[in-house]
Structure formats: structure tokens, C-alpha cells
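The values are calculated or read from the model by the stated rules, or taken from the named source; none is laboratory data. Since the model is a prediction, treat every value here as computed from it, not as a measurement. Note that we place each Cβ from the backbone using ideal geometry, even for glycine, and neighbour counts take in every protein chain shown.
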Number of protein chains: 2
Amino acid sequence: MPQPLPFVPAALLNVAALKASCAGCSMHQLCLPMGLDSDDISRLDSIIGKRRRLARDERLYQMDEPFRNLYAIRFGHFKTYQVNAGGEQQITGFQMAGELLGMDAISGDRHHCDAVALEDSEVCEIPFARLEELFGEVPTLLRHFHRIMSQEITREQNVMLLLGNMRAEQRFAVFLVNLSARYAARGYSASSFQLRMSREDIGNYLGLTIESISRLLSRFKKQGWISVDKRELTLLNPAMLKALAAGTEQCSPMA
Amino acid sequence: MPQPLPFVPAALLNVAALKASCAGCSMHQLCLPMGLDSDDISRLDSIIGKRRRLARDERLYQMDEPFRNLYAIRFGHFKTYQVNAGGEQQITGFQMAGELLGMDAISGDRHHCDAVALEDSEVCEIPFARLEELFGEVPTLLRHFHRIMSQEITREQNVMLLLGNMRAEQRFAVFLVNLSARYAARGYSASSFQLRMSREDIGNYLGLTIESISRLLSRFKKQGWISVDKRELTLLNPAMLKALAAGTEQCSPMA
DNA sequence: CGAATGTTTGATAGGCTTCAAGTGGGGTGG
DNA sequence: CCACCCCACTTGAAGCCTATCAAACATTCG
């Protein structure tokens, strides 16, 4: 089921030309065109390749595939994961509308992980070679691109902190609070949203098992901090969850 | 004690002008100027700020400090770490000569972690604003910079895999093999080197305790895979360590 | 309706942490 | 010069958090 695009006047969505451009995309305030004037946006538009729709579980790219494009998510959700020699996989992130996929492929000219749609989704193909050409003409774009890459670095550092130092309860609270903030930034409810990923995916991302995630959900529910029905989630006590995430509030045992 | 600079003809080192330039730096094949012709290297030289020496345990920058410069390590070693609200710290990386510090600060205009010298070290200050100007004139430099940032992203993804999926033994093997490869790339011995960081730092980085690191060192020594004397380390069975790191070889219990 | 998949819950086990004590080297001050 | 102390490290014992194993339950889809 495709995601609704909130906060975009219907008039804009009805104009095909605009709809197919960055200016008309509901995500342009969060995505690559952030901060560009309309002139520069149209320059960016001119290099954007075709849009690509993916069904749930469809793969956008695969590890070791040659790198040609970055991808901006128009709507939908993705996960990215690595597979090591032993066949174990580690999910390195969940991405949503307005976020950029593929930056880890720049250094080696081939993709370093797999990207898979968690639901029916659509991305903009951004040919990286042409983007590089554009950097010379649009310094604002270049600076914003650097910020995006840097942000990805800090995001991963935060995950390292999570995986290296936190107990299961805190990890899970961080995960929920993070999702909440990102939905809020997109104009969705901060307290009520749908988990697009399976319990197994969450566990893999957080360095825990599916059973642990299930138990955490049950415990948080029993404490009255959240309510869950399948993948429909509501944060009933965001303050407590934030305190848990920050480490202000103590961890209680899993039993 | 300052590190020796290997593989640089003494003639070069004796010319002060060259010594102070990227062209004369033993790390220019690994560092920012990689792949630049001599013309572009001198352009890069012209924007490089002052060199800065740091004593062991001295801090290069601190979290939340305003971001002005990237730093290229000329010699020595650093660690970078985050501190969360609860005061817990997580080391996000160990950096050595030829590597770049501070890229995580671009997105927020302030440093996202602390950087501390593990021994007497020297860095080149690279004013980021001037570097950005130079990007417009030297596309090769820009492309290499993107590769460096992307490489940092993939490095962190590998750490996420390590922290999320691996047992203590495998983590430690990955750590040793990684150090070995980086020293080899710098012309040092791949099998024999000094650990510049404390056991506690290693443990913090790998998501383990100092006691676990100590036990791992003892076990690896007992197995004949390494020899250790204080911080002097020799890999006696690199193949086994690589197999452990890859997950090909099974983990044995810690007892 | 039945098989397959995803999830929940319980019992047990194990790997690593925590707590504790001891070792050893380097530096300092007498 | 040497005794002392401090710090980093090592080693042992016990406990806990989470994984693993197992089974039941729910849901989806053919």
C-alpha cells in the first residue's frame, strides 16, 4: 500500500510536470534540493534519471553491483544490510522518504550493501556522474551534499554507541524515539505510526533476537509506555521513552 | 615518542620547503592529495593551515566545538569518541597517519565527538571553508574527498556488523587484522606492531570490557596465534586470525 | 481448510560482565 | 639508589542479560 503524501496541496499534485520535478515533490525540503532556489532546482531536475517503483521486498541494488546512481526515496521505506563472508546479515539502517541511498558505494565504485523495499515504494534515480558535474555549477548543492554524507556518518556513530554500550531496553527505546522524530519531521504523527519492518529486522538492526524484540514490546506495553497491535504502534509515554533512550532512566531486567 | 617516517628518501626530508608541503609528506599517497598532479598539490598546499603538534592524551577537538577545520594526521595516532547524556563514552575509531579527522562535524557545524592523541602526534589543519572553495577548481580533489567520506561510512558499517553480530573472539580478530592491514598499507610490518591504545580503549571500541580484552589476549597467546608483551604485538598465525575474523573458523568459549 | 510465515511466551543455557584480588612495571620522592 | 605508590593489566569466581531451544498461537495466502 503506497504512503499518502501529506501537506502537499492537491493542485500541485495534479500538475504532471510539477509532480515529476523536485519542486513539486513533498520531500524537497528534506531531500537533496534543500535550500536551493528554483533555478538550481530545475538544474537538478534536469539530471535526475527515471523514477523507479519497487514492490515490497523488491531489491533496489545489491552488494558488489557497479555503482552508477544514488537514490532519493520519494515515498515508502527501505532497509539496507550487509552480508559478511559467513552469510550473517546486519541491517545498517532503515530509510524513509526524503532520505538518500547509496552513498556508501562512492568509495569503491560498487555497492557495499543491499537495499530492499519494506513496502511499495518509489525512488528517484540520481546519476552520480552527472551530479558531480553539477557540483561545479551549484555550490549550494555541493555543500548540502556534504552535509548529508556527514549526517550519515554521525548517524552510524550513534548506532555504534547504541550497539556498543546500551542494554536491550535502551536500544529499543532509542529506536522508537528515533522513528518518532523522523515521522514528526515529515509531518506525520510523532506518537502513532506503523512499523514497516518485521520484528526480525528490528532485532537484527539492534543486535538482538526476534524473541527479545517481542519481549520488549510486551514489557513496554505492560508498563503502559506504548500500545501495539501487530505493526501499529502508539507511544503512550514519550517522555519515559526519551528518558530511557537518554540513559536517564534506569534499565530494569528482562525477566 | 614520535613515529619514524618510513620510505621517504632522506634528501626530501632535509628540504624544509618540501617537508612542509603535501608533496614532501610521506602520507600524500594515502591522504587528501592522493592522485593529484603537482600543480594541484601546490594549490592544496596553499590552503593548508598551520601544523599542530599534540602530546599524548592531548585533545585535538571536543564535541560541540564549532567546526572550522578538518585535520590530516601527519604522524601519530588518535582516538575519537562520543559521550552520551549518561556520561558513557563510545570510541568510534582509531586513526593513524594519512587519515582524516572531523568529517562528522560538517553536518552540524560543530564537532560530533572528541579527538584525542594516543601518542605524540602531528596534524595538518585544513580550513574546510577554503577546501570547499578549492573543490570548484580541482574536481579530482572533490572526487577523492567524496571517496574518503564514503569510505568512512563503509568503515562504520563494518563496525556495526562487528558490534551487532559477532562474538568477542571474532570482534577481536577483526580488530587485529584491520590494524595489521592498515600498518601494511603504510609500509610497516603487517605482523608486528605496537598497540597505541590501552586495553580499556580496545574494549570500549569493541563493545567489550577491559577484562574480556585481557582474557582474549591471553587466550590468543596460549593458542599460539599471537605473542604479546605489554603493547608490543606480533601476529604469529595471521591466516588463523583472518579466518576467525571472516567467521570461517568457529568460536570457542571464553572459559 | 491447511500450510507457511510471523509472533508470542516459557524454560534453559551460555557468554560476557561484574566484582574482587593480585601482579608487575615505571615514576617519584626521600 | 631504593622504597613506595600508582596505574595498567591479569586472573579468578559468581551472576546476569540475552541467546537459544521449544512450543503454542495468530495471520495470511493458496
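Pairs needed: first member in segment B:186-208, on the phi > 0 side of the Ramachandran plot; second member anywhere, of a type in the set (Asp, Glu) and away from DNA strand C (no atom under 14 Å from the Cβ); C-beta distance under 6 Å; at least 6 residues apart or different chains.
none
Determine, yes or no, whether B:Ser189 is small (Gly, Ala, Ser), over 19 Å from the mean Cα position of the chain (by Cα) and either exposed (fewer than 15 other Cβ atoms within 10 Å of the Cβ) or near DNA strand D (Cβ under 10 Å from one of its atoms) (or both).
For B:Ser189, the condition - small (Gly, Ala, Ser), over 19 Å from the mean Cα position of the chain (by Cα) and either exposed (fewer than 15 other Cβ atoms within 10 Å of the Cβ) or near DNA strand D (Cβ under 10 Å from one of its atoms) (or both) - is not met.
This table checks each residue for (1) basic (Lys, Arg); (2) at pLDDT 95 or above; (3) touching a His at 6+ places or on another chain (Cβ under 7 Å).
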{"position": "A:Glu133", "(1), (2), (3)": "no, no, no"}
{"position": "A:Gly136", "(1), (2), (3)": "no, no, no"}
{"position": "A:Leu142", "(1), (2), (3)": "no, yes, no"}
{"position": "A:Gln151", "(1), (2), (3)": "no, yes, no"}
{"position": "A:Thr154", "(1), (2), (3)": "no, yes, yes"}
{"position": "A:Leu161", "(1), (2), (3)": "no, yes, no"}
{"position": "A:Phe172", "(1), (2), (3)": "no, yes, no"}
{"position": "A:Arg182", "(1), (2), (3)": "yes, yes, no"}
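Specify the residue that is surrounded by the most Cβ atoms within 10 Å (Cβ to Cβ); the eligible residues are those in segment B:192-215 that are within 9 Å of DNA strand D (Cβ to nearest atom) and over 19 Å from B:Phe78 (Cβ atoms).
B:Ile213
Within segment B:165-185, track down each residue that is surrounded by fewer than 19 Cβ atoms within 10 Å (Cβ to Cβ) and not in a helix (DSSP H, G or I).
B:Arg167
State which residue is farthest from DNA strand D (Cβ to nearest atom) when the search covers only segment B:229-239 and only residues that are closer than 14 Å to B:Phe172 by Cα and among the hydrophobic types (A, V, I, L, M, F, W, C).
B:Leu235
Considering only segment B:115-132, state which residues are assigned to a helix (DSSP H, G or I) and in contact (Cβ under 8 Å) with a residue 12 or more places away in the chain.
B:Phe128, B:Ala129, B:Arg130, B:Leu131
Evaluate the following for B:Gly108: is it at positive phi, surrounded by fewer than 22 Cβ atoms within 10 Å (Cβ to Cβ), in contact (Cβ under 8 Å) with a residue 24 or more places away in the chain and not in a helix (DSSP H, G or I)?
When the stated conditions are applied, B:Gly108 does not pass them.
When segment A:185-205 is examined, which residues are found to be of a type outside the set (S, T, N, Q), farther than 13 Å from A:Leu235 by Cα and away from chain B (no Cβ under 13 Å)?
A:Ala185, A:Arg186, A:Gly187, A:Tyr188, A:Arg196, A:Met197, A:Arg199, A:Glu200 - these are the residues of segment A:185-205 that are of a type outside the set (S, T, N, Q), farther than 13 Å from A:Leu235 by Cα and away from chain B (no Cβ under 13 Å).
Residues A:Phe145, A:Phe94: which one is more than 7 Å from chain B (Cβ to nearest Cβ), aromatic (Phe, Trp, Tyr), within 24 Å of B:Arg130 (Cα to Cα) and buried (at least 21 other Cβ atoms within 10 Å of the Cβ)?
A:Phe145
Given the conditions (1) in contact (Cβ under 8 Å) with a residue 40 or more places away in the chain; (2) of a type in the set (S, T, N, Q); (3) within 21 Å of A:Ser180 (Cβ to Cβ); (4) at the interface with chain B (Cβ under 8 Å from one of its Cβ atoms), report the number of the one that A:Gln157 does not fulfil.
(1)
Which ones in segment A:133-150 are farther than 17 Å from A:Asn69 by Cα and not acidic (Asp, Glu)?
A:Gly136, A:Val138, A:Pro139, A:Thr140, A:Arg143, A:His144, A:Arg147, A:Ser150
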